[in-house]
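Values quoted throughout were computed directly from the atomic coordinates according to the rules given, and no laboratory measurement underlies them. Keep in mind the model is a prediction, meaning the values are calculated, not measured. So basically every Cβ, Gly included, is an ideal-geometry build from the backbone, and we count neighbours across all protein chains shown.
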Amino acid sequence: MVVPKISSVTPSCNLDISKLSLPKHIKLADPSFHKPAKISMLLGAQVFFKIIKADQIKINDSITLQNSVFNYIVTGGLPTADDKLHCFLLSEQEGLENLISKFWQLESLEDESLNLNSQTKLCEDHFVNNHRRDQTGHYIVQMAFLKEPSCLGESKQTAIRRLNSLWRKLEANPNLQQLYRNFIHEYLDMGHMEQVFEVSEPTVAYYMPHHGVLRPDSKSTPLRTVFDASCATTTGESLNSILANGGVIQDELFAILLRFRKNRIGLISDIKKMFRMIFIDESQRDLLRIVWKESIADPIKTYKMNRVVYGTTCAPYLAQRVLKQLVMDDGHNYPLAASAVSSDMYMDDLLTGAADIYSAKQLKEQLIALFRGGGMQLHKWSSNCKELLANSEVSDGDVSLTIPDETKALGLLWRPQKDSLAFSVSANVDTCESCKITKRSVLSTTARIFDPLGLISPVVTKAKLLMQELWRLKLDWNDSLPIQLESQWKRFVTFLSTINTLNIPRYIFLDYALKIELHGFADASEKAYGAAIYVRCLSNSGEISTNLLCSKSRIAPLKSVTIPRLELCAAVLLAKLAQKTITSMKISFHSTVLWTDSTIVLAWIQKDPSVLKPFVRNRVSAIQNLTEVSAWQHVPSKENPADIISRGIDPEKIQDCNLWWFGPSFLQDHSVVSPCICSDINDNELYQREFKKTPTDPVCLVVQGQEVLPIINNCSSFTRLQRVIGWCVRFVRNAKNSLQPSKGNLTSPELFKSLMCLVKNVQANCFAQEIQCLKSGQQLPNSSSLINLSPFLDEQDILRVGGRLKNSNLPIKRKHPILLPYNNHFSDLIINHFHVLYLHTGAEATLANIRTKFWLINGRNYVRKIIRKCIPCLKVDLKNRINVIYAYSFVLL
């Protein structure tokens with residue numbers, strides 16, 4: 001075999017052989033073995049012993065000279081002459097996968113607050129049993145572990161190596177070095193860590209490497225130090241790998257931002273050094289050690305952290321749980337603050353507000369007092385009310401006496417002077433013009449559009465549609481875009497920055513409004529669908545205002561779907577969004593009206609879901625469960641703002657699109673009347689095709705079952721019965737296709753088909769009435785033994801168990817096992833087959849194995865009844881009983 005390269009050079013670096021005493025009378029196969037060189041030939045294992053001779057010369061404990069047909073070969077290990085550490089710098093932006101994950105997470109409507117992981121109860125119980133407060137009010141907590149910390153190996157040497165590497169970086173950047181020193185000194189001066197003077201290491205300890213990240217755009221925190229608690233020890237475990245994280249217990253970002261728009265006065269703040277205001281129990285501080293030195297030449301010192309450390313997987317949960325506990329402990333003294341902390345906190349950020357200046361002042365005073373009691377301090381206050389910021393009754397050195405031009409509000413921009421929400425989207429047009437545009441760059445730019453409330457959903461839809469087209473073309477990550485798509489993208493990016501000029505009103509209500517209504521709109525096109533929510537207010541003076549509150553968008557699947565079905569998907573999205581909005585806003589809307597321009601969807605919503613086919617039935621059921629049927633109204637397409645989502649809009653056009661920002665003009669009328677529907681949909685084929693076929697004459701039928709195949713009752717083995725029917729299946733197939741007959745042993749598909757034939761025959765005989773009802777779309781009779789199992793017919797007309805597992809990721813046979821009757825010979829064969837197959841297991845184990853494929857009526861009693869007749873089991877059971885009798889007899893004697 002000839003290859004261009006066998007391996008890299010060997011050895012990888014020069015070896016020091018000055019202290020190696022090699023005999024002078026021998027010849028080496030490679031006199032330059034200590035110098036890096038290419039490998040010329042690779043010998044196979046089959047010739048190894050043909051070239052090796054018996055002579056060996058041992059030089060020391062690690063080096064041996066082995067004689068061969070090529071002269072002596074040096075084997076063993078030597079220390080390298082080059083002990084220098086090599087440091088490589090890899091610089092990258094946030095991972096594209098993480099950006100895309102965050103992007104689609106924002107598009108989701110799942111309730112994050114209910115998405116508690118399996119470790120939440122463990123962490124909750126551990127916190128309740130192990131937290132306490134000191135005399136100053138600070139909380140002292142413990143980390144919860146999934147494994148014992150003793151499983152951690154040695155980690156100090158890795159931390160020292162990383163520190164040396166860090167100092168080489170600090171030496172090259174004096175500014176970074178000074179910032180880093182200041183950070184370490186601040187940690188020490190504030191008592192957040194302490195030096196360790198003990199020479200001996202504790203039984204269990206963990207050392208966290210650390211590094212700094214410069215943040216030039218941050219005035220308060222120009223350097224962020226990151227502690228790496230995921231660094232593996234010599235056992236492969238890290239601190240983070242054995243910690244329980246506890247999940248998210250605060251409300252989600254979408255809900256908090258919605259509520260931030262409901263108060264006349266907005267108020268923003270965050271907790272100063274929140275993690276570092278919470279003590280870690282002394283017993284766990286050795287697991288939070290770091291190493292540091294004041295200069296590259298100074299000796300290394302060891303420190304241990306006293307406070308919760310960001311970088312540990314449990315830190316966010318502990319911080320959230322402490323805030324919750326603070327409200328539970330002291331919230332009764334500060335009811336306004338307790339409510340705000342419970343519902344308006346997102347990690348250490350507070351977005352809240354009040355209806356008037358008096359309430360806002362009270363809220364602020366209570367917040368400061370509540371957090372002071374827990375040893376925490378609120379700072380970076382922002383508000384659209386100057387009087388609130390200049391409140392002299394509250395002393396806080398971080399309070400600015402002027403309203404800032406711009407501040408961040410959970411990723412969005414808030415301009416307090418104008419009291420408007422804004423965006424800050426950067427797209428490097430120069431790079432776009434000069435460099436090749438790839439699928440990677442398109443996705444990276446799109447994923448950076450942060451729009452949690454969907455205020456610019458039509459613009460995002462444009463980008464989504466382009467992303468979908470890239471997937472359809474199956475382009476690789478680094479492939480250039482086709483010319484037409486490249487032109488579209490360049491134009492989109494060129495005007496993308498125009499959305500930064502938007503000023504969207506934060507406050508969406510009218511003061512002292514008589515009525516507050518919620519209006520939702522849904523629409524779909526062949527490319528996308530979406531939903532938008534508007535708030536309509538009517539004041540005492542008769543003034544009416546409508547404002548966009550939020551929206552969501554979805555891209556239509558690549559597989560062709562009819563427009564009515566997509567319109568129905570849009571209606572489901574609107575129903576979910578409306579329910580989410582009503583729950584999150586925590587106010588009582590005078591009325592809720594949901595609009596769609598699809599008369600077909602409106603007609604479906606009015607129907608009983610049971611008469612509709614599965615796709616439409618499931619979605620109509622969801623709509624009816626989430627909303628009132630009477631809330632749905634018709635709107636002409638030209639007045640439907642959701643139509644803008646479904647088609648998308650260019651970034652430069654959205655600012656002047658009044659239909660998008662304020663909804664249709666009829667919402668400004670004092671009495672909103674639904675436009676009448678003029679079209680008759682009863683003859684519409686797209687409407688009618690989604691209904692189940694029903695019998696032409698609704699008469700009561702007495703259904704007689706199909707006759708059972710005689711062979712079923714005459715066979716004593718399920719395996720034999722299945723194979724006999726399998727040969728029959730093959731015979732029929734060969735008779736129909738004599739040119740390509742099947743030969744050889746029975747195949748798996750043939751055996752499966754024979755099983756389905758047997759099942760259908762048995763079910764047709766035992767469940768004839770139920771099958772007929774399901775085929776005709778009728779309800780099962782109350783006397784049916786299957787009524788509690790939600791049975792349905794699959795595509796092969798096999799009767800299966802329904803239920804709530806339909807949305808799980810389990811295989812179909814596990815989610816929906818095949819139904820088998822009670823006291824039936826075929827069911828007897830199935831039970832005996834599984835009982836023997838799994839080595840005569842007991843009744844419970846046999847039933848569990850059967851239920852991986854089949855569901856027996858009255859299964860537990862049925863299996864026990866059959867197993868009692870098993871002769872081998874009876875023999876073993878009788879023998880055990882005799883031994884017990886003998887044992888008792890011996891004791892009595």
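Sorting 472, 215 by the number of Cβ atoms found within 10 Å of their own Cβ, with the fewest placed first, yields 472, 215. For region 1-77, DSSP calls about 90 percent of its internal beta bridges antiparallel. Shown for 324, 38, 580, 24: other C-beta atoms within 10 Å of each C-beta, ranked fewest to most, produce the order 24, 38, 324, 580. The relative contact order of the chain comes to 7 percent, based on Cα pairs under 8 Å that sit 6 or more residues apart. Classification of region 123-266 by its C-alpha gyration tensor yields an oblate form. The axis ratio a/c (a ≥ b ≥ c) is 1.5 or more, and b/c is at least a/b. The residue among 18, 155, 620 whose Cα reaches farthest toward the positive pole of the charge dipole of the chain, with charges on the beta-carbon of Lys, Arg, Asp and Glu, is 18.
Close amide H partners of residue 145, meaning residues 5 or more places away or on another chain with modelled amide H under 5 Å apart, are 244.
Legend: distances between Cα atoms for 272/293; 147/304; 169/436; 301/380; 361/386; 262/464; pairs beyond 23 Å are 272/293; 169/436; 301/380; 262/464. Listed by chain and number, the lysines placed with their C-alpha closer than 29 angstrom to that of residue 27 are 5, 19, 35, 38, 50, 53, 58; residues fewer than eight positions away on the same chain are left out.
Calculated mean residue ellipticity, 222 nm, the chain: -11000 deg cm²/dmol, from DSSP H runs (n ≥ 4) at -39500 (n - 2.57) each, averaged per residue and rounded to 500. Each residue of region 483-494 was assigned a 3J(HN,Hα) from its phi angle through the Karplus expression (A = 6.51, B = -1.76, C = 1.60, θ = phi - 60°), giving 4, 5, 5, 5, 5, 4, 5, 4, 5, 4, 5, 4 Hz with x at Gly and Pro. For residue 502, what residues show an amide H to amide H distance below 5 Å, using hydrogens built from the backbone and excluding near sequence neighbours? Close amide H contacts, sequence-distant or interchain: 423. Around the amide H of residue 409, modelled in the peptide plane, lie the amide H atoms of 414, all under 5 Å away and 5 or more residues distant in sequence or on another chain. Which loop-located GluC sites (Glu not before Pro) does region 131-201 contain, where loop means any DSSP state but H, G, I, E or B and the Cβ has at most 11 other Cβ atoms within 10 Å? Hits after loop and neighbour filter: 198.
Considering only beta bridges that DSSP places wholly inside the chain, some 80 percent are antiparallel.
Normalised by the number of residues in region 1-77, what is the relative contact order in percent for Cα pairs under 8 Å and 6+ residues apart? For region 1-77, the relative contact order is 29 percent. Scalar couplings 3J(HN,Hα) for region 238-253, obtained by applying the Karplus form with A = 6.51, B = -1.76, C = 1.60 to θ = phi - 60°, are 10, 4, 5, 5, 10, 8, 8, 9, x, x, 9, 10, 8, 5, 7, 4 Hz; x denotes Gly and Pro.
From the Cα gyration tensor of region 710-879, with a ≥ b ≥ c the square roots of its eigenvalues, which class applies: rounded if a/c is under 1.5, or else prolate if a/b is larger than b/c, or else oblate? Oblate is the answer for region 710-879, as a/c is 1.5 or above yet b/c matches or exceeds a/b. Classify region 507-689: rounded, prolate or oblate, from the alpha-carbon gyration tensor (a ≥ b ≥ c, eigenvalue square roots; a/c under 1.5 rounded; otherwise prolate if a/b is larger than b/c)? Because a/c hits 1.5 or more and a/b exceeds b/c, region 507-689 counts as prolate.
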